[in-house]
Amino acid sequence: MTAPDYVPAHGLLVGKTVLITAAAGTGIGFATAKRCVEEGATVVISDKHERRCAESAEELGVLGIPCDVTNEESVQALIDGAAAHLGGIDVLINNAGLGGTAELHEMTDGQWSTVLDVTLNGTFRCMRAGLNHMYPRGKGVIVNNASVLGWRAQAGQAHYAAAKAGVMALTRCAAIEAGGRGVRINAVAPSLAMHPFLAKVTSDELLDELTQREAFGRYAEPWEIANVMVFLASDYSSYMTGEVVSVSSQHA
């Protein structure tokens, strides 16, 4: 089955300000930034790669602020810079994550720690800084990028799966804390969204195997994940918090 036609914008984020991490390049982050701009939001993007961040920001017509989510000072500078530029952050989308493949008996402390620090700790740092900005304003939305691997097993992915399961738990617990302060926190859990970086680090055999698990017989386009992120960022999901939405066509 081929991918559907690109969905036209419906003005879901008109008047909103949005900050998106890891939004340079061709993956889910960039697709989400593009979708947010199309839906009427004023957007700031960030990425660890300064050149790609600048190039993507220019392409989108938005401000790009380099940020390393493993560094607290860098995260604080991102939140402060985005808030100053936007006049306040209505929506924070945490997309930064790092994968890799290693079976547990061969995995080094470095491999484990690096994936956890970017994917889970980085999300925590950005959420903490975002909440400290949103709480005084009495409003805000946070959308985190998790993964179906937070629920499902896949060989060689123990570190990534543990990190994404942590993002899910972090989302749920933080949402309970934030609910009374006017802030909603949800997450998406994609299964397989294809982009050039994933193709570069994943074997053709594994990609074929993963694609065969999908009910539609194809991988998701990054913009299909972005559409669900936009829904969670918008007022259409006003009664949702602490939820992890699977964006997947995998068989049960």
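Rule-based calculations on the coordinates, nothing more; no lab input. What you are looking at is a predicted structure, and each value in this text was computed from that prediction instead of being measured.
Structure remark: mean-square fluctuation, Gaussian network model of the chain, C-alpha springs under 10 Å; the largest value among ALA153, ALA57, ALA174 belongs to ALA153. With θ taken as phi - 60° and the Karplus curve 6.51 cos²θ - 1.76 cosθ + 1.60 applied, the whole-hertz 3J(HN,Hα) list for the stretch 62-70 is 10, 7, x, 10, x, 8, 9, 6, 8 Hz, x standing for glycine and proline. Calculated from DSSP H runs of 4 or more alone, at -39500 (n - 2.57) each and per residue, what is the 222 nm mean residue ellipticity of the chain, nearest 500? Roughly -13500 deg cm²/dmol at 222 nm, from the helical runs in the chain.
Mean-square fluctuations from a GNM of the chain, with a 10 angstrom spring cutoff on Cα atoms, peak among THR26, THR119, THR17 at THR26.
Straight-line reach from LYS164: which aspartates and glutamates fall under 13 Å, measuring Cα to Cα and dropping same-chain residues less than 8 apart? Hits, sequence-local ones excluded: ASP117.
Sequence-distant contacts, meaning Cα pairs under 8 Å at least 6 residues apart, place the relative contact order of the chain at 21 percent. If you take the Cα centroid of the stretch 1-52 and the Cα centroid of the stretch 133-185, the two points sit 19 Å apart.
The long axis of helix 72-86 is offset from the longest Cα principal axis of the chain by roughly 50 degrees. Computed over the chain with a Gaussian network model linking Cα atoms closer than 10 Å, the most mobile of LEU232, LEU149, LEU104 is LEU104. Tilt of helix 122-137 relative to the longest C-alpha principal axis of the chain, in degrees (0 to 90, nearest 10)? So the inclination is approximately 20 degrees. Seen against the Cα atoms of the chain and their longest principal axis, helix 50-60 is set at about 70 degrees.
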